[in-house]
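A.B. asks: First the structure, then my questions, so here it is.
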Amino acid sequence: MMMILCLTPLSMAEFPSDVTILDKPAIIKLTDDQLIDTYENTIVEIEANRSFHATSGFSPKEYKNYKALLKFRLLLLIEIHSRNLELPQF
């Protein structure tokens, strides 16, 4: 039994979520900035989980860095949109 646990692929490992699930009263109490930040973090967490489970070999550090990169991309897109700029086509 112990050997089976040791052979479990890393792709089956679970990484703790950085997102805290809030109930409706807690959501209502969030400031506008907190609400946007929570939404952004949730999008990043969902995408990171989706991508992670489709890819093997991520270590916890790589997973954290990947989520940071997804968040960075999201923030860039939001800023580009707020400035009414067009995304570069390539």
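The values are calculated or read from the model by the stated rules, or taken from the named source; none is laboratory data. What you are looking at is a predicted structure, and each value in this text was computed from that prediction instead of being measured. Neighbour counts are summed over all protein chains in view; Cβ atoms, including those assigned to glycine, are modelled from backbone coordinates with ideal geometry. Only protein heavy atoms, including side chains, enter the accessible area calculation; ligands, DNA and RNA are left aside. Shrake-Rupley method; radii C 1.70, N 1.55, O 1.52, S 1.80 Å.
A.B. asks: How large is the accessible surface per residue of the range 21-90, computed with a 1.4 Å probe and reported in Å² as a whole number?
C.D. replies: Accessible area per residue, the range 21-90: 83 Å².
A.B. asks: Stretched out fully, how many nm does the piece from I21 to A68 gain, at 0.36 nm a residue minus the Cα gap?
C.D. replies: Fully extending the segment from I21 to A68 adds 15.0 nm.
A.B. asks: With r as the distance between the Cβ atoms of I36 and S59 and R0 = 30 Å, compute the FRET efficiency 1/(1 + (r/R0)^6) and round to 0.05.
C.D. replies: Computed FRET efficiency for S59 and I36 comes out at 0.50.
A.B. asks: Related question: When the accessible area of the range 18-69 is computed with all protein chains present and a 1.4 Å probe, what percentage of it is carbon and sulfur?
C.D. replies: 59
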